[in-house]
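Worksheet: one structure, shown below.
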Amino acid sequence: MVVLLLVMESYTHKRIHDMLVTAKRPVFVADERLDGDSLGSSLAVADYLKSRGVRVPVFVSEPVPAKYRFLPNVNLCTTDEAIFDDVSIDLLVTFDCSDAAFVSRLHARVPSRPPIVNIDHHATNSRYGQVNQVVTDSPATAEVVHRFFRENHIVPSRDAATCLMTGICFDTTVFSNDATNQRAFDAASDLLIGGARIQEVIRNMYQNRSVNMLRIWGAALERLRRHPEKGVVATFITRADMEGAGVTDDEVDGLSNFLNLVTDADVLFVFRETVDGSVKASMRSTGPDVSLVAKAMGGGGHRKAAGFTVPFGSAVCDDAGCWQLVERALVVLES
Ligand SMILES: [Mn+2]
């Protein structure tokens, strides 16, 4: 069974390569929730196509956060949805996108309805593409792309190797979380030998926390509570915290990974109020499958790292100093 899966994986990598090199006007799509993995994996393949003389646009649904602007080929990223109106587009390739609804909305804009190649590692991916390379035991989409290069006997450039290393470092929290497996180390050692600039990756991703942002982490640490029956640990970040400190959303993203590394909790929730009046929940687990919770709440992710959004929610502190997530005056989770 395992051998059969590996043969399938290898065959699919070759098929994807054929489609990529024959496409005249491919467009890449990074996950709607942009991160080091969706960017790193898409830009690495874009680097390969660039070496073959094809400049491929990488669609991103938000401007690339400052901490990823060091990535090679980042200038290929565009937030302009009008690129999908181009009748000559003959291939869409999605990276780290588990959300079929997001992809189908973009695909519906392309007049020729081109085939979709879906490269991902999320268990919640519905395999919406004509070709699906969804490897759920892979630590990162960047690792799947690393195998794509290896299976097709392509040596990634130093730039492409740095992009892939970014994806792997991001999704494994630099080889420290539960997604870290043999595939992660195997790919990373190969990429290091191939000249990936890992120090640059780590410095840009983790060693640039501003004092203002750390003060928000401080407030969140202060609010950490363990649920007396469920044992779940939760904390909250409000809009007032963020606006008071002048900190952007992507800057606070690392908090759940950091807490996951240092707490003894089996399940951890970080609730964060967003600009549009909803609350984003980010979950980490060392045991129970939190992707089931995410799915039930309309979100997605992995067994050990998942998230969802509660529309019209807010984080409220009661008279006893207990923080709660309140949704339309309905208490969802008591801290
Ligand atoms: Mn990923």
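The values are calculated or read from the model by the stated rules, or taken from the named source; none is laboratory data. Fair warning: this is a prediction, and the values are worked out from it, not measured in the lab. Cβ coordinates were reconstructed from backbone atoms using ideal geometry, including for glycine residues, and neighbour counts include every protein chain displayed.
From the list 276, 253, pick out the single residue that is farther than 28 Å from residue 176 by Cβ and out of contact with any Gly (no Cβ under 7 Å at 6 or more places or on another chain). Please lay out each step first, then the result.
On the way: 253 fails: farther than 28 Å from residue 176 by Cβ.
On inspection, the qualifying residue turns out to be 276.
Against the test of being at pLDDT 95 or above, in a loop (DSSP other than H, G, I, E, B) and either crowded, with 20+ Cβ neighbours inside 10 Å or within 15 Å of the ligand (Cβ to nearest atom) (or both), the options 188, 196, 160 yield a single qualifying residue, 196.
So is residue 183 more than 16 Å from the ligand (Cβ to nearest atom), out of contact with any Leu (no Cβ under 8 Å at 6 or more places or on another chain), of a type outside the set (Asp, Glu) and outside any loop (DSSP other than H, G, I, E, B) or not? Spell out the reasoning first.
Details: more than 16 Å from the ligand (Cβ to nearest atom): no; out of contact with any Leu (no Cβ under 8 Å at 6 or more places or on another chain): yes; of a type outside the set (Asp, Glu): yes; outside any loop (DSSP other than H, G, I, E, B): yes.
Considered against the rule, which asks whether it is more than 16 Å from the ligand (Cβ to nearest atom), out of contact with any Leu (no Cβ under 8 Å at 6 or more places or on another chain), of a type outside the set (Asp, Glu) and outside any loop (DSSP other than H, G, I, E, B), residue 183 comes out as no.
Residue 49: assigned by TED's automatic domain parsing to the domain that holds residue 170, under 17 Å from the mean Cα position of the chain (by Cα), of a type in the set (A, V, I, L, M, F, W, C) and surrounded by 15 or more Cβ atoms within 10 Å (Cβ to Cβ), yes or no? Full working, then the answer.
Details: assigned by TED's automatic domain parsing to the domain that holds residue 170: yes; under 17 Å from the mean Cα position of the chain (by Cα): no; of a type in the set (A, V, I, L, M, F, W, C): yes; surrounded by 15 or more Cβ atoms within 10 Å (Cβ to Cβ): yes.
No, not satisfied.
Within region 165-178, residues that are under 14 Å from residue 40 (Cβ atoms) have Cβ atoms under 6 Å from residues that are away from the ligand (no atom under 11 Å from the Cβ) and not in a helix (DSSP H, G or I) in these pairs: 165/196; 172/180, counting only partners at least 6 apart in sequence or on another chain.
Out of all the residues in region 110-158, which are among the acidic types (Asp, Glu) and more than 14 Å from residue 41 (Cα to Cα)?
Looking only at region 110-158, we keep the residues that are among the acidic types (Asp, Glu), and these are 120, 137, 143, 151.
Once the filter is applied, which keeps residues that are among the acidic types (Asp, Glu) and more than 14 Å from residue 41 (Cα to Cα), region 110-158 yields 137, 151.
The sole residue among 188, 219 that is of a type in the set (Gly, Ala, Ser) and assigned by TED's automatic domain parsing to the domain that holds residue 259 is 219.
Taking the numbered list (1) modelled with pLDDT of 95 or more; (2) within 16 Å of the ligand (Cβ to nearest atom) in turn, residue 149 passes all entries but (2).
Could you go through region 299-307 and let me know if any residue there is surrounded by fewer than 16 Cβ atoms within 10 Å (Cβ to Cβ) and not assigned by TED's automatic domain parsing to the domain that holds residue 64. Walk me through it before giving the result.
Initial filter on region 299-307 (surrounded by fewer than 16 Cβ atoms within 10 Å (Cβ to Cβ)): none.
Checked region 299-307: no residue is surrounded by fewer than 16 Cβ atoms within 10 Å (Cβ to Cβ) and not assigned by TED's automatic domain parsing to the domain that holds residue 64.
Taken over region 56-66, the criterion of being farther than 18 Å from residue 90 by Cβ and crowded, with 21+ Cβ neighbours inside 10 Å is satisfied by 60 alone.
Among what's in region 136-152 and is surrounded by fewer than 23 Cβ atoms within 10 Å (Cβ to Cβ) and in a loop (DSSP other than H, G, I, E, B), pick the residue that is farthest from the chain's Cα centre (by Cα). Lay out the reasoning, then the answer.
Keep residues of region 136-152 that are surrounded by fewer than 23 Cβ atoms within 10 Å (Cβ to Cβ), which gives 136-137, 147, 150-152.
Those left that are additionally in a loop (DSSP other than H, G, I, E, B): 136-137, 152.
Values: 136: 14, 137: 15, 152: 25 Å.
Residue satisfying both the conditions and the ranking: 152.
Among the criteria (1) in contact with a Leu (Cβ under 6 Å, 6 or more places away or on another chain); (2) modelled with pLDDT under 90, the one residue 251 does not fulfil is (1). Here residue 182 clears all of (1) in contact (Cβ under 8 Å) with a residue 40 or more places away in the chain; (2) surrounded by fewer than 18 Cβ atoms within 10 Å (Cβ to Cβ); (3) polar (S, T, N, Q) except the condition numbered (1). For region 132-146, the set of residues classified as within 27 Å of residue 83 (Cα to Cα), away from the ligand (no atom under 11 Å from the Cβ) and not aliphatic (A, V, I, L, M) consists of 132, 133, listed by residue number.
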